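These notes are about the structure you will find just below.
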Amino acid sequence: MASIRVGLGFDSHPLVEGRALILGGVRIEHDRGLLGHSDGDTLAHALTDALLGAAALGDIGQHFPDTDPAFRDADSMELLGRAADLARGRQLRLGNADATLYADMPRLDPYRDAMIESLAACLRVEQGRLNLKFKTLEGLPLGGRAGGADVIAAHVIVALEDAV
Ligand code: MG
């Protein structure tokens, strides 16, 4: 009998000046970018955690510790690809992934297709297995202002299926 395994991921990073804004591997036009040890790609990080969670492989910090200089300014899409390889190594394939990005600024919907294309290529799946939703929360401290800084946050849920 086929089994489905689900995993949940969450991540957030503050927006700061002097950084590029990269989400799902796509460069977004904005005057600020996400601060992080890596490139701060909060969507890639949440998706990586969801994949690892569904495969019972722990979390992103275990596999790619931010204390390791090897991951400084890392391309988060490369880490995502490695997490997908780990899941494939467990004979699991992506059923679907659904993500919600929380950002009051900038508007992300013009980048939806590019992000889906980028993530599908990284994961080596059809684009129809991926969905992205964009929310503004207007005052709630999630994707709005938290601790005085604007942040972008992401929730992702993933379903993995047996590959055979
Ligand atoms: Mg992160």
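No value in this document is a laboratory result; all are computed from the given coordinates. None of the values given here were measured: they were computed from a predicted structure. No Cβ is skipped: glycine too gets one built from the backbone with ideal geometry, and neighbour counts run over all protein chains shown.
Numbers for the structure displayed
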{"read-out": "Longest site-free stretch - the chain; sites: GluC sites (Glu not before Pro), DSSP loop, at most 13 other Cβ within 10 Å", "value": "30-125"}
{"read-out": "Proximal charge balance of Gly40 [Cβ under 10 Å; K/R count +1, D/E count -1]", "value": "-3"}
{"read-out": "With Cα atoms, 0 to 90° folded angle of helix 42-54 axis to the chain main axis", "value": "30"}
{"read-out": "Net lengthening on full extension, Arg107/Leu137 (0.36 nm per residue, minus Cα-Cα)", "value": "9.5 nm"}
{"read-out": "Extension reserve of the Ala121-Asp150 stretch, reckoned as 0.36 nm per residue once the Cα distance is removed", "value": "7.5 nm"}
{"read-out": "Alpha-carbon radius of gyration plus Dmax, which is the widest Cα pair, for the stretch 54-123 in Å", "value": "14.1, 39"}
{"read-out": "Radius of gyration, Dmax [the stretch 1-78; alpha carbons; angstrom]", "value": "13.8, 51"}
{"read-out": "Local net charge near Val6, Cβ-Cβ under 13 Å (Lys/Arg +1, Asp/Glu -1)", "value": "-2"}
{"read-out": "Calculated FRET efficiency for the pair Leu8/Ala70, C-beta based, R₀ 30 Å, to 0.05", "value": "0.65"}
{"read-out": "Ellipsoid semi-axes in whole angstrom, largest first, where each is sqrt(5λ) of the Cα gyration tensor of the stretch 37-89", "value": "17, 11, 9"}
{"read-out": "Estimated FRET transfer efficiency when R0 is 25 angstrom, pair Glu78-Asp31 (beta carbons, to 0.05)", "value": "0.45"}
{"read-out": "Positive-pole candidate from Leu47, Met105, Gly7, dipole of the chain, charges at beta carbon", "value": "Gly7"}
{"read-out": "Rg to Rh quotient for the chain, alpha carbon positions, Kirkwood Rh", "value": "0.96"}
{"read-out": "Dipole in debye (nearest 20) - the chain, about Cα centre, beta carbon charges: Lys, Arg +1; Asp, Glu -1", "value": "360"}
{"read-out": "Net charge of Cβ neighbours under 13 Å - reference Leu130; Lys, Arg +1; Asp, Glu -1", "value": "0"}
